[in-house]
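The values are calculated or read from the model by the stated rules, or taken from the named source; none is laboratory data. On a predicted model such as this, the values are computed, not experimentally measured, just so you know. Every residue, glycine as well, gets a Cβ built from its backbone with ideal geometry; the counts of neighbours run over all protein chains shown. To get the accessible areas, we keep the full protein, side chains included, count just its heavy atoms, and leave off ligands, DNA and RNA. Shrake-Rupley method; radii C 1.70, N 1.55, O 1.52, S 1.80 Å.
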Amino acid sequence: MSLLEIERLTAGYGEAVVLEEMSLSVSEGECLAVLGRNGVGKSTLMLAIMAHAARFAGRLRWDGHDFSTLSTNQRVGLGLGWVPQEREIFPSLTVEENLLVAHRRGGRFDLNGIYEVFPRLKQRRRNMGDKLSGGEQQMLAIGRTLMTSPRLLLLDEPFEGLAPVIVEELEETLMRLRRDSGFAIIIVEQRAEDVLRLSDRAIVLDRGKIVLEGKSAELLADFEQVHRWLSV
Ligand SMILES: Nc1ncnc2c1ncn2[C@@H]1O[C@H](COP(=O)(O)OP(=O)(O)OP(=O)(O)O)[C@@H](O)[C@H]1O
Ligand SMILES: [Mg+2]
């Protein structure tokens with residue numbers, strides 16, 4: 001059975017439809033890449049999964065149970081962990097306070113667990129949120145979401161604006177985490193070839209619809225057809 005199943009989801013903001021009848025599923029432990037040009041609805045898909053965008057039609061299932069009408073908090077409780085594109089670090093809280101805000105009792109990760117994953121956050125634990133480098137902010141954003149013990153991690157362009165060496169470090173950490181903890185990932189990313197190497201499957205969106213999908217290795221082997229949907 002799929003962990004997350006999306007069935008003919010139509011979603012958007014106010015009256016505006018952004019996603020149209022989108023269907024997809026993610027299994028336990030699987031990594032799905034979401035590709036597409038700017039403004040095609042990649043973030044909206046994540047927002048709709050987290051109940052931050054409006055659902056006009058369609059269903060969302062978790063372990064086979066319909067969660068379409070649950071609130072954001074209830075979805076976090078199910079094990080959905082979203083790392084927003086804007087990172088949304090609390091600037092006037094320390095690194096440690098940012099992490100503790102999200103902590104879920106009895107969850108898989110506590111403060112020390114996060115510091116093991118990201119030793120750099122331990123060094124910076126007393127720093128204020130706005131006194132961090134871009135890479136440290138992203139580690140904190142991911143760490144904060146891990147504190148909620150997700151079974152599915154939604155990553156919205158986690159490598160955006162980061163130096164290549166930090167990207168490499170983060171990629172390795174994420175893949176190691178995934179191996180050790182077994183959570184599933186949906187990752188939105190502009191660098192299509194990189195993310196196809198990390199993921200099991202991928203979908204390409206255009207104007208709110210899935211226009212291409214398949215195994216990442218196969219899409220990588222025939223990258224021309226992917227590129228066609230990404231070039232302007
Ligand atoms: N809060 C909002 N209210 C109304 N429209 C929005 C809102 N957020 C996004 N949109 C619109 O929804 C469409 C899809 O935006 P979305 O942010 O999902 O795209 P994206 O694929 O994530 O783009 P990018 O690669 O630039 O992050 C765009 O036309 C955008 O203008
Ligand atoms: Mg986006």
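Can you find even one residue in region 24-45 that is without any contact (Cβ under 8 Å) to a residue 24 or more places away in the chain, open to solvent by 20 Å² or more (accessible area, probe 1.4 Å) and in contact with a strand residue (DSSP E or B) (Cβ under 6 Å, 6 or more places away or on another chain)?
yes
Could you list all residues from region 158-184 that are open to solvent by 10 Å² or more (accessible area, probe 1.4 Å) and within 16 Å of ligand 1 (Cβ to nearest atom)?
160, 161, 162
Examine region 22-45 for a residue that is out of contact with any Pro (no Cβ under 9 Å at 6 or more places or on another chain), away from ligand 2 (no atom under 14 Å from the Cβ), assigned to a strand (DSSP E or B) and of a type in the set (D, E, K, R), and state whether such a residue exists.
No - not one qualifying residue is present in region 22-45.
Among the residues of region 55-70, how many are in contact with a helix residue (DSSP H, G or I) (Cβ under 9 Å, 6 or more places away or on another chain), open to solvent by 40 Å² or more (accessible area, probe 1.4 Å) and either among the hydrophobic types (A, V, I, L, M, F, W, C) or assigned to a loop (DSSP other than H, G, I, E, B) (or both)?
So the count comes out to 2.
Residues checked against (1) within 16 Å of ligand 1 (Cβ to nearest atom); (2) among the charged types (D, E, K, R); (3) within 22 Å of residue 185 (Cβ to Cβ); (4) not assigned by TED's automatic domain parsing to the domain that holds residue 207:
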{"position": "27", "(1), (2), (3), (4)": "no, no, yes, no"}
{"position": "55", "(1), (2), (3), (4)": "yes, yes, no, no"}
{"position": "61", "(1), (2), (3), (4)": "no, yes, yes, no"}
{"position": "67", "(1), (2), (3), (4)": "no, no, yes, no"}
{"position": "73", "(1), (2), (3), (4)": "no, no, yes, no"}
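Conditions (1) over 26 Å from residue 110 (Cα atoms); (2) out of contact with any Ser or Thr (no Cβ under 8 Å at 6 or more places or on another chain), marked per residue:
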| site | (1), (2) |
| --- | --- |
| 131 | no, yes |
| 143 | no, yes |
| 146 | no, yes |
| 156 | no, no |
| 171 | no, yes |
| 178 | no, yes |
| 201 | yes, no |
| 212 | yes, yes |
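With respect to the numbered conditions (1) hydroxyl-bearing (Ser, Thr, Tyr); (2) closer than 20 Å to residue 205 by Cα; (3) more than 10 Å from ligand 1 (Cβ to nearest atom), which one is the sole condition not fulfilled by residue 92?
In the conditions (1) hydroxyl-bearing (Ser, Thr, Tyr); (2) closer than 20 Å to residue 205 by Cα; (3) more than 10 Å from ligand 1 (Cβ to nearest atom), residue 92 misses (2) alone.
Please specify each residue of region 8-23 satisfying the condition of being aliphatic (A, V, I, L, M) and touching a strand residue (DSSP E or B) at 6+ places or on another chain (Cβ under 8 Å).
As a first pass, look at region 8-23 and keep what is aliphatic (A, V, I, L, M): 9, 11, 16-19, 22.
Scanning region 8-23 gives 9, 11, 17, 18, 19, 22.
So is residue 85 away from ligand 1 (no atom under 14 Å from the Cβ) and either under 20 Å from residue 20 (Cα atoms) or open to solvent by 40 Å² or more (accessible area, probe 1.4 Å) (or both) or not?
So residue 85 fails the test.
Mind listing whichever residues of region 214-232 are surrounded by 15 or more Cβ atoms within 10 Å (Cβ to Cβ) and within 16 Å of ligand 1 (Cβ to nearest atom)?
226, 229, 230
Going through 172, 136, 157 one at a time, which residue ends up being touching a strand residue (DSSP E or B) at 6+ places or on another chain (Cβ under 8 Å) and among the acidic types (Asp, Glu)?
When all the criteria are applied, what remains is 157.
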